[in-house]
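Structure first, then comments.
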Amino acid sequence: MKAAVVTETGVEIRDVAKPQPKPHEILIRIRAASLNRADLAVAAGNRHGTVGGQGAIVGLECAGEVEAVGADVKDFKPGDRVMSSAAGTYAEYTVTDAGRAHKIPANNMTWEQAACMPVAVQTMHNALVGAGRLKKGESVLIQGASSGVGLLGMQIARHMGASIVMGTSTNDGRRARLKEFGCDLALDSRDPKWPDKVKEATGGKGVDLIVDQVSGGVMNQNMEAAAILGRIVNVGRLGGMKGEFNFDLHALKRIDYIGVTFRTRGPEEVRAIVKAARADLWPAIEAGTLALPIDRTFPLAQAAEALAHMKANAHFGKIVLVTA
């Protein structure tokens, strides 16, 4: 099969062996695969959890048809249209644990649209509802809201009953579009006064829950913007792996600071997260009220160009690879 493989000279399309499903896995004939920020690190030769390094196939999510199932799989059969998080999805085929996969709703959802959903759905539902313990009527702020995951995060927060949904972006054009995706207050995190605007919007209380995809230099501002007994869930580090941390402010506000990643989660925990997200969100996904914009599509043969487009950070919404 054809796949986008990490080599010493960059990502190249090569012929590799077609994978075979283990007893708990399904084999997916990939029709579309969506790009994620973590793919840039893998493409550069770094590791992301258990994947990465020379010879790795890039990619974390896809949509396609089930071609074969393992002996222990009960919920899927060959021919089912599915979307799933999975390793090595810049390819014609991949295998994944059946507990990670969703059947694509029986509506007009395209392969490209379906491929955009799995990582964003499980990441943001877990960050908001699982780790973040969002309650109806609470306020939410998404740092890095103009990313695909961030755009869906704001929609999920609204769907789950948040009273005020706020989002940040340092790009003026993208920030202006956040309202389309459930944002009540769009903020520029370069503005040193943005925490004051959050407090004003929340009647002086501060925001109940922050989902932070930026980290780095915004940590202390997050705590300034947070309510007493607020929660901050760290899901990404686009602004840097390290930054100043005001321990006294953290203690003064009694903030829960929670780190999450799928890299150290076992299969059973991931299955539970996927199941919980499906229970809360699937009717809205089937109705099309939770959806993501597609910025641009590329053929699989242009995987390197698609990654360059993501690295340039000029996109709004998801970038998608399609197979022939």
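Quick notes on this one:
- Hey, ALA106 in the same structural domain as ARG296 (by TED's automatic domain parsing) and either among the acidic types (Asp, Glu) or surrounded by fewer than 24 Cβ atoms within 10 Å (Cβ to Cβ) (or both) or not: yes
- Condition check for PHE298 on (1) assigned to a helix (DSSP H, G or I); (2) hydrophobic (A, V, I, L, M, F, W, C); (3) more than 26 Å from VAL214 (Cα to Cα): one failure, at (1).
- Any hit, segment 87-106, residues being small (Gly, Ala, Ser), under 21 Å from GLY288 (Cβ atoms) and touching a helix residue (DSSP H, G or I) at 6+ places or on another chain (Cβ under 7 Å): no
- Top-ranked residue in segment 78-104 [being under 19 Å from LYS275 (Cβ atoms) and not in a strand (DSSP E or B); ranked as farthest from the chain's Cα centre (by Cα)]: ASP80
- Segment 221-278 - residue that is more than 23 Å from the chain's Cα centre (by Cα) and of a type in the set (Phe, Trp, Tyr) and, of those, surrounded by the most Cβ atoms within 10 Å (Cβ to Cβ): PHE245
- Qualifying residue in segment 247-263 (condition: among the charged types (D, E, K, R) and modelled with pLDDT under 95): yes
- SER169 more than 26 Å from VAL82 (Cβ to Cβ), polar (S, T, N, Q), at pLDDT 95 or above and surrounded by fewer than 24 Cβ atoms within 10 Å (Cβ to Cβ): no
- Counting only residues that are assigned to a loop (DSSP other than H, G, I, E, B) and closer than 19 Å to THR297 by Cα, segment 45-77 holds 3 of them.
- Single residue of segment 1-29 satisfying the filter (small (Gly, Ala, Ser) and touching a residue at least 60 places away in the same chain (Cβ under 8 Å)) that is nearest to GLY79 (Cα to Cα): ALA3
Conditions (1) touching a Ser or Thr at 6+ places or on another chain (Cβ under 9 Å); (2) crowded, with 17+ Cβ neighbours inside 10 Å; (3) aliphatic (A, V, I, L, M), marked per residue:
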| residue | (1), (2), (3) |
| --- | --- |
| GLY10 | no, no, no |
| ALA32 | yes, yes, yes |
| ALA38 | no, yes, yes |
| ASN46 | no, no, no |
| VAL58 | yes, yes, yes |
| GLY64 | yes, yes, no |
| ALA86 | yes, yes, yes |
| GLY99 | no, yes, no |
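- Residues in segment 104-137 that are modelled with pLDDT of 95 or more, farther than 22 Å from GLY236 by Cα and not hydrophobic (A, V, I, L, M, F, W, C): 6 in all.
The values are calculated or read from the model by the stated rules, or taken from the named source; none is laboratory data. Worth saying up front: this structure is predicted, and the values here are computed from it rather than measured. Virtual Cβ from ideal backbone geometry, glycine too; neighbours counted across all protein chains shown.
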